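Student: Would you mind keeping the following structure in view while I ask a few things?
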Number of protein chains: 2
Amino acid sequence: MAKIEINPQRLLDDLNRLRSFGAQGKGVVRPAFSDADVQSRKWLATQMSAAGLTPRIDPAGNVFGLPPGDKPSLLVGSHSDTQPEGGWLDGAYGVIVGLEVARTSLEVDGPPVAVVSFQDEEGRFGPLMGSEIWSGKLSLSDADAMRDSAGLTFGEARRKICDLCENTWVAPESFTGYLEAHIEQGIVLDATDKTIGVVESVVGMRTQSFLFVGEQNHAGTTPMSMRRDAFQGLACFSQALNEAFAKIVTPDTVWTIGHVEVRPNADSIIPGQVTFTVQWRDGDDARLDQMHEVVLRLAEQTCQKLGLSMRNQGFFSYPATQIDEALKGRIQNTAEHLAPGRWSHLPSGALHDASNVSHCLPVAMVFVPSINGVSHSFDEDTAPEELVLGAQVLAASIAG
Amino acid sequence: MAKIEINPQRLLDDLNRLRSFGAQGKGVVRPAFSDADVQSRKWLATQMSAAGLTPRIDPAGNVFGLPPGDKPSLLVGSHSDTQPEGGWLDGAYGVIVGLEVARTSLEVDGPPVAVVSFQDEEGRFGPLMGSEIWSGKLSLSDADAMRDSAGLTFGEARRKICDLCENTWVAPESFTGYLEAHIEQGIVLDATDKTIGVVESVVGMRTQSFLFVGEQNHAGTTPMSMRRDAFQGLACFSQALNEAFAKIVTPDTVWTIGHVEVRPNADSIIPGQVTFTVQWRDGDDARLDQMHEVVLRLAEQTCQKLGLSMRNQGFFSYPATQIDEALKGRIQNTAEHLAPGRWSHLPSGALHDASNVSHCLPVAMVFVPSINGVSHSFDEDTAPEELVLGAQVLAASIAG
């Protein structure tokens, strides 16, 4: 099979061209269906045509570039929309890697490779919308009713580009699998001086919100023995959780209490209420479920101990993604060949379009380092040689 | 010496009349220098005149009622301003007790008793403003520059009533001591089924604010071992503080973390910053200072342990108040006489005008129960017979 040698300069030039749509300083403002996003999707379609790929924009705004012929192809891509204040790489990197690999493979008569830029991965209307719709997890009619923070519906937004879109979908059966290159969005590769990450799982996530209710009271006149302090409930719970989780987690498991609201939140008043969220992630759904039991049990025990009452304010579950062993093995082999000793396995702590696509296709992912772990920020960056290496590893895994 | 038998119905009638200024439902809205407050001060002066006392309103808006003659008198009172949403008793009770006791003593040719309603105890412009100025702790020119939450200065506010005020002060030397009756504003008397509280100290207070700074990061992609989570710093600190304080406090000591701000406060982001306040109160200033050392040491140790940095965001100290043993002894004796077995010693966990007045006069305080410990609320209440008993105990302690 032909060796697929990508053109590093063309890759970087296209990445910088995509960056120009919505550029602000070092960063990019290109949310789904913004003018910058629509213009960038038109540009992507033009680039696909120029490369000999057939561009197709589906009803959800996902842009595919399909190789000639009827043979099923390997799909490579990510998303090109950004956070309201986004970095220049994020999903854009994986889209341009897909374009470059599909283009190169066509040039050298390699295996058929398609490229995709999914729409609204960043969740203007809902998390990973474009790939969620395309993979059949969310119906278009349900999606159409979802709103952004300003009240605009997905349906209204996508109508703005209906002159570009087709009424038909690109069938998942057109593809044999899905590869996604992405920046790590974490500090592990950078901190451990690795240049390639072979993703072994996209972690599942659970989010549990609680309201602890105690008794609001005067902080001077209420003896400690007569208090029911909701904040103390949270502090105790957090410590108990750390101790209990330590016994059941792996080094890759993470958990966070990121959102806390104390009421009435005044120096001289014993907190009567605290609302908070605990979120945890791991590659193993069984462990995530076990952790949920611990969370519920400790919340209840803490409230009983401190005389608080507890309300379950909502639970959200996102399952872990199955990474395809064969695809992962090929990426691993080429990583070892192109970057011996400078790659490592790691979990993806963030969700990606690959999570949705795994519902209909085998998937695998390759990461390149994020400098200082920074992402979703104008300061997001990766060294050019590592951007190139990531594309080379992915390309070689297709040919190899 | 004459026995001072107050008139229970007159006491309750005057309390209800005062309640009508700013009444809202069961509560009262009568902040310092509001129209309701100004009208109530005029009414108080009229009642003083009618009782044979000479009303004097000083430049700070404090209303005194002085008995005839040149002999130094005992000052009895509190404050009649309320919180923005206040209860009907709070300081108003002590003011009407003062009026009733001064009036009765004059009627029965008892010892000379004066009455006072201090201004802005509730801190519209600053904590305990009226008594702080009168006792010489705060200059009028400094006070004049202080602003309420809407930006109005104390100077502008008091000018609204300058037609009522004198340019001279009532000299502290006019008085031999100060007695203040007040609702407990706590649950101890109500919960222990006591009807009278003999205050043995007005606690001192310390308030320390911190900013803990960690590193804001993605809650999915940042391993636990690489985190610097500011909220975790607060939770650890709170637990360590509880353990350390347990070794040095008494059952009357209290401490509270009442104000907490987590940033950026999102489910999926590791908290980069947390601002919080720890406040503690005790009757013993030496213990309060020892506790401050513990607070500072544990904050520093916690931050070192978790890789956080720490900023001291402000410290506020209010010393404990010396209660006069002789005055307290007289209240205690009459409490035992009028309510045998149904009184107890207790500290005042809240600050009171007596705290400021103690800088120039011997002071003592008597408490009546707050039903369910509720105060600073429209629901604040006390049984009528306990309101009467409190006034009787105070009156008897003057005569006895």
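The values are calculated or read from the model by the stated rules, or taken from the named source; none is laboratory data. Note that the structure is predicted; figures quoted are calculated from it, not measured. Every residue, glycine among them, receives a Cβ derived from its backbone with ideal geometry; neighbour counts consider all protein chains shown. Accessible surface is based on the protein model in full, side chains and every heavy atom, while ligands, DNA and RNA are left aside. Shrake-Rupley method; radii C 1.70, N 1.55, O 1.52, S 1.80 Å.
Student: Out of the residues in the stretch A:183-200 meeting the condition of being more than 12 Å from chain B (Cβ to nearest Cβ) and open to solvent by 40 Å² or more (accessible area, probe 1.4 Å), tell me which one is farthest from A:Gly341 (Cα to Cα). Before the answer, list the steps.
Tutor: Going through the stretch A:183-200, the residues more than 12 Å from chain B (Cβ to nearest Cβ) turn out to be A:193-196, A:198, A:200.
Filter once more, keeping what is open to solvent by 40 Å² or more (accessible area, probe 1.4 Å): A:193-194, A:200.
Numbers: A:Asp193: 10, A:Lys194: 8, A:Glu200: 17 Å.
That would be A:Glu200.
Student: Residue by residue through the stretch A:60-72, note down the ones that are small (Gly, Ala, Ser) and either buried (at least 24 other Cβ atoms within 10 Å of the Cβ) or within 21 Å of the chain's Cα centre (by Cα) (or both).
Tutor: We begin by selecting, within the stretch A:60-72, every residue small (Gly, Ala, Ser); these are A:60-61, A:65, A:69.
Matches in the stretch A:60-72: A:Ala60, A:Gly61, A:Gly65.
Student: Can you tell me which residue is most open to solvent (accessible area, probe 1.4 Å) among those in the stretch B:246-275 that are more than 9 Å from chain A (Cβ to nearest Cβ) and under 21 Å from A:Gly220 (Cβ atoms)? Spell out how you get there, then give the answer.
Tutor: Narrowing the stretch B:246-275 to residues more than 9 Å from chain A (Cβ to nearest Cβ): B:246-248, B:250, B:263, B:272-273, B:275.
Filter once more, so that each one left must be under 21 Å from A:Gly220 (Cβ atoms): B:246, B:248, B:250.
Working: B:Ala246: 70, B:Ile248: 37, B:Thr250: 46 Å².
Checking each candidate, the answer is B:Ala246.
Student: Turning to a different aspect of this structure: Consider B:Gly136 carefully, then state whether it is in contact (Cβ under 8 Å) with a residue 12 or more places away in the chain and more than 27 Å from B:Ile371 (Cα to Cα). Reasoning before the result, please.
Tutor: Working: in contact (Cβ under 8 Å) with a residue 12 or more places away in the chain: yes; more than 27 Å from B:Ile371 (Cα to Cα): yes.
It is true that B:Gly136 is in contact (Cβ under 8 Å) with a residue 12 or more places away in the chain and more than 27 Å from B:Ile371 (Cα to Cα).
Student: Next question, about the same structure. Checking the conditions here, which among A:Val116, A:Val203 is open to solvent by less than 10 Å² (accessible area, probe 1.4 Å), over 30 Å from B:Val203 (Cα atoms), in contact (Cβ under 8 Å) with a residue 40 or more places away in the chain and within 12 Å of chain B (Cβ to nearest Cβ)?
Tutor: Working: A:Val116 fails: within 12 Å of chain B (Cβ to nearest Cβ).
Going through A:Val116, A:Val203 in turn, the sole match is A:Val203.
Student: Among the residues of the stretch B:148-187, count how many are farther than 21 Å from B:Gly91 by Cα and within 20 Å of the chain's Cα centre (by Cα).
Tutor: Residues that pass the stated criteria total 1.
Student: If you check A:Leu106, A:Leu74, which single one turns out to be over 30 Å from A:Asp35 (Cβ atoms) and part of a helix (DSSP H, G or I)? It would help to see each step written out before you state the result.
Tutor: Values: A:Leu74 fails: part of a helix (DSSP H, G or I).
One residue alone meets the criteria, A:Leu106.
Student: What are the residues in the stretch A:1-42 that are within 21 Å of the chain's Cα centre (by Cα), in a loop (DSSP other than H, G, I, E, B) and touching a residue at least 60 places away in the same chain (Cβ under 8 Å), if any?
Tutor: A:Gly22, A:Pro31, A:Ala32, A:Phe33
Student: Also, I was wondering about something else. Can you give me the number of residues within the stretch A:344-400 that are assigned to a strand (DSSP E or B), open to solvent by 20 Å² or more (accessible area, probe 1.4 Å) and more than 21 Å from A:Gln279 (Cβ to Cβ)? Step through it out loud before you land on a result.
Tutor: Filtering the stretch A:344-400 for residues assigned to a strand (DSSP E or B) gives A:344-348, A:363-368.
With open to solvent by 20 Å² or more (accessible area, probe 1.4 Å) added as a condition, the list becomes A:344-345, A:347.
If we keep only those that are more than 21 Å from A:Gln279 (Cβ to Cβ) as well, we get A:344-345.
Count: 2.
Student: From the residues in the stretch B:276-288 that are buried (at least 23 other Cβ atoms within 10 Å of the Cβ) and more than 8 Å from every other protein chain (Cβ to nearest Cβ), which one is nearest to B:Gly214 (Cα to Cα)?
Tutor: B:Phe276
Student: Checking B:Ser105 against (1) among the polar types (S, T, N, Q); (2) open to solvent by less than 10 Å² (accessible area, probe 1.4 Å); (3) under 23 Å from B:Ile133 (Cβ atoms), which test does it fail?
Tutor: Going through (1) among the polar types (S, T, N, Q); (2) open to solvent by less than 10 Å² (accessible area, probe 1.4 Å); (3) under 23 Å from B:Ile133 (Cβ atoms) one by one, B:Ser105 breaks only (3).
Student: Could you tell me whether the stretch B:168-176 includes any residue that is of a type outside the set (S, T, N, Q), surrounded by fewer than 18 Cβ atoms within 10 Å (Cβ to Cβ) and out of contact with any helix residue (DSSP H, G or I) (no Cβ under 8 Å at 6 or more places or on another chain)? Can you show your working first?
Tutor: From the stretch B:168-176, those of a type outside the set (S, T, N, Q) are B:169-173, B:175; that's our starting set.
Applying the additional criterion that residues be surrounded by fewer than 18 Cβ atoms within 10 Å (Cβ to Cβ) yields B:169, B:171-173.
Keeping just the survivors that are out of contact with any helix residue (DSSP H, G or I) (no Cβ under 8 Å at 6 or more places or on another chain) gives B:171, B:173.
The answer is yes; a qualifying residue exists.
Student: For the stretch B:79-108, how many residues are of a type in the set (S, T, N, Q) and within 15 Å of the chain's Cα centre (by Cα)?
Tutor: As a first pass, look at the stretch B:79-108 and keep what is of a type in the set (S, T, N, Q): B:80, B:82-83, B:104-105.
Now restrict to residues that are within 15 Å of the chain's Cα centre (by Cα): B:80, B:82-83.
Total meeting the criteria: 3.
Student: Go through (1) more than 30 Å from A:Ala266 (Cβ to Cβ); (2) within 11 Å of chain A (Cβ to nearest Cβ) for B:Asn167 and report which single condition fails.
Tutor: (2)
Student: In addition: Exactly one of (1) within 14 Å of chain A (Cβ to nearest Cβ); (2) open to solvent by 60 Å² or more (accessible area, probe 1.4 Å); (3) outside any strand (DSSP E or B); (4) at pLDDT 95 or above is unmet by B:His337. Its number?
Tutor: In the conditions (1) within 14 Å of chain A (Cβ to nearest Cβ); (2) open to solvent by 60 Å² or more (accessible area, probe 1.4 Å); (3) outside any strand (DSSP E or B); (4) at pLDDT 95 or above, B:His337 misses (1) alone.
Student: Also, I was wondering about something else. For residues that are within 8 Å of chain B (Cβ to nearest Cβ) and open to solvent by 10 Å² or more (accessible area, probe 1.4 Å), scanning just the stretch A:232-241, find the one that is farthest from B:Ile183 (Cα to Cα). Outline the logic, then answer.
Tutor: First, the residues of the stretch A:232-241 that are within 8 Å of chain B (Cβ to nearest Cβ): A:232, A:234-236, A:238-239.
Applying the additional criterion that residues be open to solvent by 10 Å² or more (accessible area, probe 1.4 Å) yields A:232, A:236, A:239.
Values: A:Gln232: 28, A:Cys236: 33, A:Gln239: 38 Å.
Out of the qualifying residues, it is A:Gln239.
Student: Scan the stretch B:221-231 for residues that are buried (at least 23 other Cβ atoms within 10 Å of the Cβ) and facing another protein chain (nearest Cβ under 7 Å) and jot them down. Walk me through how you get there before you give the answer.
Tutor: Kept after step one, since they are buried (at least 23 other Cβ atoms within 10 Å of the Cβ), are these residues of the stretch B:221-231: B:221-222, B:229-231.
B:Thr221, B:Thr222, B:Phe231 - these are the residues of the stretch B:221-231 that are buried (at least 23 other Cβ atoms within 10 Å of the Cβ) and facing another protein chain (nearest Cβ under 7 Å).
Student: Ok, one more. Can you name every residue in the stretch A:46-59 that is in a helix (DSSP H, G or I) and open to solvent by 20 Å² or more (accessible area, probe 1.4 Å)? Spell out the reasoning first.
Tutor: Filtering the stretch A:46-59 for residues in a helix (DSSP H, G or I) gives A:46-50.
Across the stretch A:46-59, the qualifying residues are A:Thr46, A:Gln47, A:Ser49, A:Ala50.
Student: Do you know which residues across the stretch A:208-220 are within 37 Å of the chain's Cα centre (by Cα) and either within 9 Å of chain B (Cβ to nearest Cβ) or more than 22 Å from A:Gly314 (Cα to Cα) (or both)?
Tutor: A:Ser209
Student: The conditions are (1) within 24 Å of A:Arg227 (Cα to Cα); (2) touching a residue at least 60 places away in the same chain (Cβ under 8 Å); (3) within 29 Å of the chain's Cα centre (by Cα), and B:Leu298 fails exactly one of them. Which is it?
Tutor: Among (1) within 24 Å of A:Arg227 (Cα to Cα); (2) touching a residue at least 60 places away in the same chain (Cβ under 8 Å); (3) within 29 Å of the chain's Cα centre (by Cα), the lone unmet condition for B:Leu298 is (3).
Student: Please give the number of the condition A:Ser268 fails out of (1) at pLDDT 95 or above; (2) over 26 Å from A:Ser135 (Cα atoms); (3) among the small types (Gly, Ala, Ser).
Tutor: (1)
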